[in-house]
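A short worksheet on the structure shown next.
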Amino acid sequence: MGDAGTHDACSLNLLYLRSSFLAMEPADHFISLARQSGGGSITERVQTFILEHCINSIEDEGTVYNLTYIKNILKKVITAAESTHDVVLEGLYERLAYYLTSHMDDDLLKERSRICRQISFLCSSGHDNKCLSSMNLVVPLQCSLNMLEGDTGCALWPSSLFLSELILSYPMTFSNKFCFEVGSGVGLVGIMLKHVGASKVILTDGDMSTLANMKLNLELNHLASETMASQRTYESPNMVECKHLPWESASESELQTYHPDIVLGADIIYDPLYVPYLIRVLSILLKPLKFCSSEPKEGDMSCYRCTQSTEDRNGDNSQNEAKEAPNAYIATVIRNLETFNYFLRLAAEASLSVLDVTATMKPKNLLPYMLSYDRSTVHLYKVSFLCT
Ligand SMILES: C[S@@+](CC[C@H](N)C(=O)[O-])C[C@H]1O[C@@H](n2cnc3c(N)ncnc32)[C@H](O)[C@@H]1O
């Protein structure tokens, strides 16, 4: 958690503006917030804020930043201010001239196709938007510049923003739980889970370059497990584990060793080829281990899994406690209804119940500045094994 303080409407707008810049939101969205901060135009006061608290501040911090992005922001700010005949600060022209004449960005871009975004979660405790006491959790994330060309898992998708807001909104659901994510991508969900006190977090992905990027993000957030020269990963309760887990080749015996309390997945239902494998992985992870403790009543999804052997059950072994059956929270944008219906059909065949909980488990709006993120497009499903 970063800075805490009370914000009036005006400084709240500026907080959004800085958060938008750090998250590398599209320039047009940044300009909209800049105009909002200036009451309709990008005033000298707002320009000074942009120069000092956005552009200069990241340079002072030494953050590796995408210079093309800064250049674009500077151009758009200057153009927008000129278009409303506002005075443009000399400092903005100077910074733009500096970036235009330096060739650092070209060299850097050749080396790096990734950018470092800083995602701020703004948690308010106030009752209205005018006077908020905000707590600012900032998560640095290395993401891909290129969302679609083979780098799917290195981009940040809306469903993982949604799951992150959900975790921060319902921390008790996840704290002290063993959480296991499939198709984790950049790793943001795992960072949130650790933040709310999950007892153990395993993130998985089937793509090796995604996994390498995820590990880097855990390092950036001081959550990486140490891998020694022997390649053995030393488990630590404060760290997040990353595993290579392609759904199509993950072995049943490996999946059966985990016993997570909660399984998570964000934006993973999109390729019909992999839907059967995903269903298989989910059903193994969610299956109660030995038996259901009681006959489920109609509509009652709660069954129990138990780690007891038959001998233990007959004896008096108090260490073996019945454990609630795991649930999965799957957040998704339904881009292709046919693919989603295929997921539902295979889930039913695998005795998985899929409940739409979008309306009942609404997350708080913790990313109010992120105009590129449309929370309303994301659906949330609670998946569990049906005891019959
Ligand atoms: C659209 S991205 C979503 C990433 C992340 N969950 C998010 O929401 O930002 C889908 C992720 O699922 C992973 N994935 C796709 N097919 C997979 C498979 N067959 N096995 C394991 N992971 C897979 C991809 O590598 C990618 O990281």
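The values are calculated or read from the model by the stated rules, or taken from the named source; none is laboratory data. Bear in mind that the values here come from a model prediction, so they are computed numbers and not experimental data. Note: ideal-geometry Cβ built from the backbone for every residue, glycine included; neighbour counts use all protein chains shown.
Check TYR69 against each of (1) in contact with a Lys or Arg (Cβ under 8 Å, 6 or more places away or on another chain); (2) aromatic (Phe, Trp, Tyr); (3) at pLDDT below 95 and name the one condition it does not meet.
Looking at each condition in turn, TYR69 falls short on (1).
Could you check, for segment 299-318, whether at least one of its residues is among the β-branched types (Val, Ile, Thr), assigned to a loop (DSSP other than H, G, I, E, B) and either modelled with pLDDT under 95 or more than 24 Å from ARG375 (Cβ to Cβ) (or both)?
Yes.
Please determine, by comparing only the residues of segment 359-387 that are free of Cβ contacts under 8 Å to residues at least 60 places away in the same chain, surrounded by fewer than 17 Cβ atoms within 10 Å (Cβ to Cβ) and hydroxyl-bearing (Ser, Thr, Tyr), which one is farthest from SER32 (Cα to Cα).
THR360
Taking segment 172-207 as the search range and keeping residues that are buried (at least 24 other Cβ atoms within 10 Å of the Cβ) and part of a helix (DSSP H, G or I), which one is farthest from the ligand (Cβ to nearest atom)?
PHE174
Only one of (1) more than 28 Å from the chain's Cα centre (by Cα); (2) at pLDDT below 95 is not met by ALA9, so which one is it?
(1)
Report the residue count in segment 256-272 for those that are in contact with a helix residue (DSSP H, G or I) (Cβ under 6 Å, 6 or more places away or on another chain) and of a type in the set (D, E, K, R).
Residues in segment 256-272 being in contact with a helix residue (DSSP H, G or I) (Cβ under 6 Å, 6 or more places away or on another chain) and of a type in the set (D, E, K, R): 1 in total.
Each row is one residue, and each column tells you yes or no for (1) surrounded by 15 or more Cβ atoms within 10 Å (Cβ to Cβ); (2) modelled with pLDDT under 95; (3) closer than 24 Å to VAL196 by Cα.
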{"residue": "LYS243", "(1), (2), (3)": "yes, no, yes"}
{"residue": "ALA250", "(1), (2), (3)": "yes, no, no"}
{"residue": "LEU255", "(1), (2), (3)": "yes, no, no"}
{"residue": "ALA266", "(1), (2), (3)": "yes, no, yes"}
{"residue": "PRO272", "(1), (2), (3)": "no, no, no"}
{"residue": "ARG280", "(1), (2), (3)": "yes, no, no"}
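Just the residues that are within 9 Å of the ligand (Cβ to nearest atom) and either part of a helix (DSSP H, G or I) or free of Cβ contacts under 8 Å to residues at least 60 places away in the same chain (or both), please, taken from segment 152-171.
So in segment 152-171, the residues within 9 Å of the ligand (Cβ to nearest atom) come out as 152-163.
Once the filter is applied, which keeps residues that are within 9 Å of the ligand (Cβ to nearest atom) and either part of a helix (DSSP H, G or I) or free of Cβ contacts under 8 Å to residues at least 60 places away in the same chain (or both), segment 152-171 yields THR152, GLY153, CYS154, ALA155, LEU156, PRO158, SER159, SER160, LEU161, PHE162, LEU163.
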